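Scroll down for the structure; my scribbles are underneath it.
The values are calculated or read from the model by the stated rules, or taken from the named source; none is laboratory data. These numbers were taken from a predicted model, which means no experiment stands behind them. Note that each Cβ is placed from the backbone with ideal geometry, even for glycine, and that neighbours are counted across all protein chains shown. Surface accessibility is based on the protein's heavy atoms, side chains included, excluding ligands, DNA and RNA. Shrake-Rupley method; radii C 1.70, N 1.55, O 1.52, S 1.80 Å.
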Amino acid sequence: MSEAAGKVSLTGIKPSGEVHLGNLIGAVRPALRLAEEYDSLYFIADYHALTSIRDAELLRHYSRSVAAAWLAAGLDPKRTTFYLQSDVPEIFELNWVMSCVTGKGLMNRAHAYKAARDRNVEAGEDPDAGVNMGLFNYPVLMAVDILIMETDVVPVGKDQVQHVEYAADIAGSFNHLYGDAYSFTVPKAIVPESGTGETLPGLDGRKMSKSYDNTIPLFLPENKLKKLIRRIPTDSTPVEAPKDPDSSSVFQILNQVAPPSAADVVADTRKRLEAGGMGWGELKNVLFDVLNTELAPMRERYEELMEPGSELDETLARGADRARTRAGRVLGAVRRAV
Ligand code: ADP
Ligand code: TRP
């Protein structure tokens, strides 16, 4: 039996933008691979997004869109528990209890809060300018997301590891005080390797990120996808000149996103670039074809799920029922303990 057998894995997905190709490679696919080994829970952290998104329509849209994207990418809601954070009120009750066992100093040292303060100080502003209590308390709510589901492992990107360590710390404080009555499972972060262990470059060669506005959104209509790929900047190396595939972001995207079934195409493209005779335009056509073949079935499923009244809402409601049953057990024990 594998080490993961019987263990619980949980991932929260903040709905703060449209899912892009970098998210697919770096987060969605690695997390879905883990679902094969662990007893898995996935949720849309919509109340975490509330620290920055103030437009209700937009938050509703991103929450549905991110949920639909994960389902379209292969998340199986029968084998996993998939829910919206705001559908599980138990989380917000436990949030208060856990705030009362969390040192303020720990929150002062959290990366996101510290970064906001540093930016303010640098700009000569009050250190807490524009910082709301949601941003400050963010790590407590995230700890509760994890602890209330009795999570063993949390697959996250490197930037979220500190938050998982905080969850372990906060669990420790509670267990120290109330451990005779109830003890939380102490969680561990795991940072899954993406396909090639690298970050996917965006349209401008920097890391693909919505903060840089350089992404390839997963579910663009075909013609828009084609246009976007055509717009990736390339240099003026002539068609016949040999080219270094590894310094071209078009090739890197192809290499990291292509499924195993397109391995021959990737290998052949690499050879032709190195030998000379393949221009950037042709390379972009290859990338479009491979991407479009990979994404077309997902796009169709995504669009079905995004229709008003689709099965998406029902799927999330069923997930919330399961999540609430699980969370309710833990909250009941905590209430008795405190
Ligand atoms: P963004 O940078 O667009 O704001 P997020 O920070 O919301 O993306 O990232 C969500 C998840 O997707 C994280 O686990 C992160 O590691 C992964 N991810 C984001 N961009 C990339 C990328 N360019 N390459 C690989 N993984 C990425
Ligand atoms: N903070 C995570 C992010 O910004 C999202 C998140 C919220 C999360 N709660 C979580 C991730 C619990 C893992 C476990 O990406």
For the chain, percent of DSSP beta bridges that are antiparallel (nearest 5) comes out at 10
Percent carbon-and-sulfur accessible area, the range 1-95, ignoring ligands, DNA and RNA, probe 1.4 Å: 49
Which links in Lys158/Lys224; Lys14/Lys188; Lys14/Lys114; Lys158/Lys188; Lys207/Lys227 stretch past 22 Å when you go from one Cα to the other? Lys158/Lys224
For Ile170, net neighbour charge (Lys/Arg +1, Asp/Glu -1) across residues whose Cβ lies under 13 Å away: -2
Give me the log10 of I(q) over I(0) for the chain at q = 0.08, 0.15 Å⁻¹, as the Debye formula computes it from C-alpha points; what are the numbers? -0.44, -1.27
With eigenvalues of the C-alpha gyration tensor scaled by 5 and rooted, the range 1-59, Å: 28, 14, 6
Spatially proximal aspartates and glutamates relative to Lys7 (Cα-Cα < 19 Å; intrachain offsets below 8 disregarded): Glu36, Glu37, Asp39, Asp76, Asp145, Glu150, Asp152, Glu165
Each residue of the range 123-136 in order: what ³J(HN,Hα) in whole Hz does its phi give by Karplus 6.51 cos²θ - 1.76 cosθ + 1.60, θ = phi - 60°, with x for Gly and Pro? 7, x, 9, 4, x, 9, 4, x, 8, 9, 5, x, 5, 5
Could you tell me the distance between the Cα centroids of the range 30-77 and the range 93-124, to the nearest Å? 24
Below 13 angstrom from the Cβ of Pro297, what's the summed charge of the other residues (Lys, Arg +1; Asp, Glu -1)? -3
The range 219-303, relative contact order [Cα under 8 Å, separation at least 6], %: 43
For the range 216-276 and the range 5-24, distance of Cα centres in Å: 26
What's the local net charge at Ala45, with K and R +1, D and E -1, over the other residues with C-beta under 11 Å away? -1
So what J values fall out for the range 290-295 if you push phi through Karplus, 6.51 cos²θ - 1.76 cosθ + 1.60 with θ = phi - 60°, rounded to Hz, Gly and Pro as x? 5, 4, 5, 4, 5, 8
Just from its helices, what would the mean residue ellipticity at 222 nm be for the chain, if runs of 4 or more DSSP H residues each count -39500 (n - 2.57) and the sum is divided by every residue, rounded to the nearest 500 deg cm²/dmol? -16000 deg cm²/dmol
